[in-house]
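Colleague: Pasting a structure below so you can have a look.
The values are calculated or read from the model by the stated rules, or taken from the named source; none is laboratory data. Just so it is clear, the model here is predicted, and its values are computed rather than measured. Here the Cβ is made from the backbone with ideal geometry for all residues, glycine too, and neighbour counts use every protein chain on show. Just the protein is used for accessible areas: all its heavy atoms, side chains included, with ligands, DNA and RNA removed. Shrake-Rupley method; radii C 1.70, N 1.55, O 1.52, S 1.80 Å.
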Amino acid sequence: MSYLLEHSQVLLGNESDLDKALALDKLPTKTSYSSLEDGQQVVSSFFPFSDEVPTSTGGNKLERIELLLSQLLAKVARENRDNDVSPYSQMPVFWLLPELLHQPLPGQDNPGGEKQYLQVWAARLKKAFPALFNHELSQFFPFGRAALPMALTSVVKLLSANDIEIKEKKGVKDQVPGVCLIAVDSLYHDLDILARGKLLITAESDSGIVPSEGAIFTCIKPANQQEKQGISIDLLAQESTSINQRSSGIESLFLKVSQDLAGQEEKITHLYLPGNGDETLSHPWSDAYFRLAPCLEGRARIFQSALFTGELGCVTGLYNLLHLYNGFEQQELLGKVVQLEQSQSLYQAIALYSWQGEVETGC
C-alpha cells in the first residue's frame, strides 16, 4: 500500500510558508536571538507572534502550545474555507506530543516538582480544540522526537484493516478515509535549563543547539489506483532503552533494516538521522552506523534537519516526513530512505520508505 499526504500546513519558528519550510536546507539561514533571565543573548528560532496575540515569558509549555495550535488551525481553516467539511471532521487525529515527564501545569504556584500527566494535557487540548476530538479513534503519542514513526505503526494498522474490509466487502460504511497528524512542541520555556547545561549558542560558545518551536498538520491517506503514486512505508520498528543503552537499541533497529533489504538491488540513498548541534544526540547512531553498511548506496546522504530548522522537539519527525515526501515527489530522492527518530530519554523508532508510481503533484 502507498500513501498520500494532503492538507499540509506548517508553523515553524523561522518559517510558516510550506514551500519555504520544506526548502530551508537550500535557503540562507535566518538568525534571531532570545534573552535569558540574566540578560545573556542566545541564538534561537521562535515564532514571531503578532502584537494581537497575548504572549509573555510567563506561562508554561502547554499554554505556548495552545497558542501555536490556534495559529496553525487558523491556517488549516483558511485553506479549507471553500469546503463544507474540514479535513479532520471525518478522520481520527493522531497527536504527536512531547515526552510528558515533568512539565508544569497551568495555574500551579509551585510547578517545579509536579509531574505532568497525559490526561491533564488531553483535558486541556480537548477543551481548547473540541473539533479535533470528534472521532473515537483519535490517539495521543507522547513520545517526543520518536512520536512520528511510532504513530505510523498505528496508521498503517488502521488503514490496512480498511483495505482488508473492503476486499471482504464488509464494514464499508465504517471505513476511515485517512488519519490527520498533528505535531506540536516548543522549547520556549526551556531556555534557561538548556543554558545551565551549556547547550546553547552564545557569545562565548559557537556550538550548541538552536531552540525552536513549531506545529505541523497533515493528513495521510491510502493512494488509490487512479492516483498511481504515493509513498510506501516498507518497514517500521521501535525500541525502548535507557540512555546508556541507546547505541545498542539503534544498532538493533539498523540491523532490522539491513535484514529487510538483504538481497535487494535497491539501496538506501538518504538517511534522516538525529542531529541538532548536541553531539550526545548523534553519538548513538554513529556508533551503530556500521550495521547499515551492506545496504547503503556509495554516495548515501545523511540529512539532519534540526541543523537548519532549529530544534523542534517532537515536531521533527513529522517535518522530516513532509521533507522526504516532497523530495520523492520532486524526484530529488530515489531508492530507499531511512528515517530514525530518537526521543530525549527513552524511545527510538525507525521507518524505511520508498516511492511507488509516477510523480504528479506536490504535497
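Colleague: Would you please classify the overall shape of region 201-356 from the alpha carbon gyration tensor, given that a ≥ b ≥ c denote the square roots of the eigenvalues, rounded means a/c under 1.5, and beyond that prolate means a/b larger than b/c while oblate covers the rest?
Modeller: Details: a/c = 1.78, a/b = 1.28, b/c = 1.39.
Taking the square roots of the gyration eigenvalues as a ≥ b ≥ c, region 201-356 is oblate.
Colleague: Here's another thing I want to ask about it. What does the extension gain come out to for Ala128 and Gln344, with contour length at 0.36 nm per residue minus their alpha carbon separation?
Modeller: 75.0 nm
Colleague: All other residues with a Cβ under 12 Å from the Cβ of Ser345 taken together, and with Lys, Arg as +1 and Asp, Glu as -1, what is their net charge?
Modeller: Details: positive: Arg145, Arg246; negative: Glu99.
So the environment of Ser345 carries a net charge of +1.
Colleague: Something else now. Give me the extension gain from Ser232 to Asp38: residue separation times 0.36 nm, minus the current Cα-Cα distance, reported in nm with one decimal. Intermediate results must be reported in sequence, preceding the final value.
Modeller: Working: separation 194, 0.36 × 194 = 69.84 nm, distance 4.93 nm.
So the chain would gain 64.9 nm between Ser232 and Asp38.
Colleague: Considering the chain as a Gaussian network with a 10 Å cut-off on Cα pairs, which listed residue, Tyr188, Tyr289, Tyr88, attains the greatest mean-square fluctuation?
Modeller: Maximum among the listed residues: Tyr289.
Colleague: Further question on the same structure: Please label the shape of region 271-353 as rounded, prolate or oblate, based on the square roots a ≥ b ≥ c of the eigenvalues of the alpha-carbon gyration tensor (a/c under 1.5 means rounded; beyond that, a/b larger than b/c means prolate, else oblate). Kindly include the intermediate steps, with their values, before the conclusion.
Modeller: On the way: a/c = 1.79, a/b = 1.16, b/c = 1.55.
Here region 271-353 falls in the oblate category.
Colleague: For region 189-263, what is the convex hull (Cα atoms) projected area averaged across all directions, in square nanometres? Kindly include the intermediate steps, with their values, before the conclusion.
Modeller: Details: hull surface 39.2 nm².
It is 9.8 nm².
Colleague: Calculate the radius of gyration of the Cα atoms of region 1-95 to one decimal place, then report Dmax, the largest Cα-Cα distance, as a whole number, both in Å.
Modeller: Radius of gyration, then largest Cα-Cα span, for region 1-95: 16.6, 54 Å.
Colleague: Quick one: accessible surface of Met150, probe radius 1.4 Å, all protein chains present, in square angstrom to the nearest 10.
Modeller: Spelled out: Met150, probe radius 1.4 Å, area about 20 Å².
Colleague: Let me ask something additional. If you put +1 on each Lys and Arg Cβ and -1 on each Asp and Glu Cβ, how big is the dipole of region 1-45 around its Cα centre, in Debye rounded to 20? Mind dumping the intermediate values first?
Modeller: Numbers: 3 positive and 7 negative charges, 31 e Å.
I would put it at about 140 debye.
Colleague: Mean residue ellipticity at 222 nm from the helices of the chain, using -39,500 (n - 2.57) per DSSP H segment of n ≥ 4 over the full residue count, to the nearest 500 deg cm²/dmol? Spell out each step's value before the answer.
Modeller: On the way: 9 runs with 106 residues, N = 363.
Only helices count here, giving -9000 deg cm²/dmol.
Colleague: What share of the DSSP beta bridges in the chain is antiparallel, in percent to the nearest 5?
Modeller: On the way: 40 of 58 bridges.
In the chain, approximately 70 percent of DSSP beta bridges are antiparallel ones.
Colleague: Per 10 Å bin, what percent of the C-alpha pairs of the chain does each bin hold, from zero upward?
Modeller: 5, 24, 34, 25, 10, 2, 0
Colleague: Shifting gears a bit: Which residue fluctuates the most in the chain, going by a Gaussian network model with Cα springs under 10 Å, if the choices are Phe49, Phe133, Phe143?
Modeller: Phe49
Colleague: Also, quick follow-up: Can you list which of the GluC sites (Glu not before Pro) found in region 262-299 are DSSP loop residues with at most 13 other C-beta atoms within 10 Å? Numbers along the way, then the final one.
Modeller: On the way: sites: Glu265, Glu266, Glu279, Glu297; in loops: Glu265, Glu266.
Taking region 262-299 and a limit of 13 other Cβ atoms within 10 Å, the loop GluC sites (Glu not before Pro) found are Glu265, Glu266.
Colleague: Mind putting a number on the dipole of the chain about its Cα centre? Charges go on the C-beta only, +1 for Lys and Arg and -1 for Asp and Glu, and I need it in Debye to the nearest 20.
Modeller: On the way: 29 positive and 45 negative charges, 141 e Å.
Result for the chain is approximately 680 debye, rounded to the nearest 20.
Colleague: How many Å² of accessible area per residue for region 231-361, probe 1.4 Å? Walk me through the numbers on the way to the answer.
Modeller: Working: 5320 Å² over 131 residues.
Here the per-residue accessible area is 41 Å².
Colleague: Oh, and also: So what's the gap between the Cα centers of region 335-355 and region 17-33, to the nearest angstrom?
Modeller: Region 335-355 and region 17-33 have Cα centres spaced 23 Å from each other.
Colleague: Right, another one. Given a Förster distance of 51 Å, report the FRET efficiency between Ile193 and Glu265 from their Cβ-Cβ distance, rounded to the nearest 0.05. Don't jump to the answer; show the numbers that get you there.
Modeller: On the way: r = 48 Å, r/R0 = 0.94.
Efficiency, rounded to the nearest 0.05: 0.60.
Colleague: Using a 1.4 Å probe on the protein heavy atoms, what percent of the accessible area of the chain belongs to carbon and sulfur?
Modeller: Working: 8210 of 17130 Å².
C and S fraction of accessible area: 48 percent.
Colleague: Got the relative contact order for the chain handy, in percent, Cα pairs under 8 Å and 6 or more residues apart?
Modeller: Working: 712 pairs, mean separation 87.6, N = 363.
Normalised by residue count, the contact order of the chain is 24 percent.
Colleague: Cβ under 15 Å from Lys75's Cβ, Lys75 left aside: what net charge do those residues give with Lys, Arg +1 and Asp, Glu -1?
Modeller: On the way: positive: Lys20, Arg78, Arg81; negative: Glu6, Glu15, Asp17, Asp19, Glu79, Asp82.
Its environment carries a net charge of -3.
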